[in-house]
Amino acid sequence: MDRFETASLPIMPGQRVRATVLSHHPWGLIAQMIGHEQVGASVDMIEQFGRTTAGDEELKSLFPAVGTEIDAVVEQVRRWSTPAWVRLSIRPGDLASFSRRCDFCGEHAVLSPGGDGLVLDVRSTDGPGSHTIIAHRACLADRIGPGSAGERARALTIGRRTT
């Protein structure tokens, strides 16, 4: 992986995307995100729907057909090894409002637009790769030292629309 892999940088958890289904596999499907064709993506259908279906045939019936364009939300971006890979969710609940546990407090943070969650990319100067941290705005702000009041304020307002 290059020091700064750039193809996946615009992609982050909670982001809505359109994707084309490329192939089916026993566990799920491979997709190509429209506008992000150079980054691989998949949907783990067993993880997303396996507990709610009565068997393999019912699960397979939920697979969108190959060639179909689907709405999805970015669930995870894996950048810690080559190649970067995106895991998508097509769960109706995630499409309506996507949330994940805050890595600071453990409660759910909403990453959909207007939510209380932030996505932090953690990188090292020692080499390639990165890791994603999910945080509530307040949890991040609370952990920024008192001498960095400007950074605390930005953590509470970044990405918020001003009227």
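For Arg160 and Cys105, what does the FRET efficiency come to when R0 = 22 Å and r is the distance between their Cβ atoms, rounded to the nearest 0.05? Write down the numbers at each step before the final one.
Values: r = 20 Å, r/R0 = 0.91.
Efficiency for this residue pair is about 0.65.
Under a Cβ-only charge scheme (Lys and Arg +1, Asp and Glu -1), can you give me the dipole magnitude of the range 82-155 about the Cα centre, in debye to the nearest 20?
Numbers: 9 positive and 8 negative charges, 20 e Å.
I would put it at about 100 debye.
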For Arg16 and Val66, extending 7 Å from Cα along the Cα-Cβ vector and measuring point to point gives, in nm, a value of 3.0 nm
Distance in nm between Ile30 and Asp121 label points, each 7 Å along Cα→Cβ, equals 2.5 nm
Sparse-neighbourhood loop hits (trypsin sites (Lys or Arg not before Pro), the range 1-63; DSSP loop; Cβ within 10 Å at most 14 others) -> Arg3
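Assuming 0.36 nm per residue, please report the length gained on full extension of the stretch Ala96 to Leu9 beyond their Cα-Cα distance.
Computed gain between Ala96 and Leu9 is 29.0 nm.
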Each label sits 7 Å from Cα toward the beta-carbon; between Ser81 and Thr53 the label points are separated, in nm, by 2.7 nm
Rg from C-alpha atoms of the range 26-163, normalised by the globular rule of thumb 2.2 N^0.38 Å, equals 1.24
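As a test of the formula, what do you get for the chain when each DSSP H run with n ≥ 4 contributes -39,500 (n - 2.57) and the sum is divided by the residue count, at 222 nm and rounded to the nearest 500 deg cm²/dmol?
Details: 5 runs with 32 residues, N = 163.
For the chain, the value works out to -4500 deg cm²/dmol.
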Once the dipole of the chain is set up from charges on Cβ (+1 Lys and Arg, -1 Asp and Glu), the residue from the list His25, Gln48, His136 lying farthest towards its positive end is His136
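Can you work out the accessible area per residue across the chain, with the rest of the protein chains kept in place, probe 1.4 Å, in square angstrom? Before the final figure, lay out the partial values.
On the way: 9300 Å² over 163 residues.
Result: 57 Å² per residue.
The values are calculated or read from the model by the stated rules, or taken from the named source; none is laboratory data. Not measured: the values here are computed from a predicted model. Cβ coordinates were reconstructed from backbone atoms using ideal geometry, including for glycine residues, and neighbour counts include every protein chain displayed. With ligands, DNA and RNA removed, areas are computed over all heavy atoms of the protein, side chains included. Shrake-Rupley method; radii C 1.70, N 1.55, O 1.52, S 1.80 Å.
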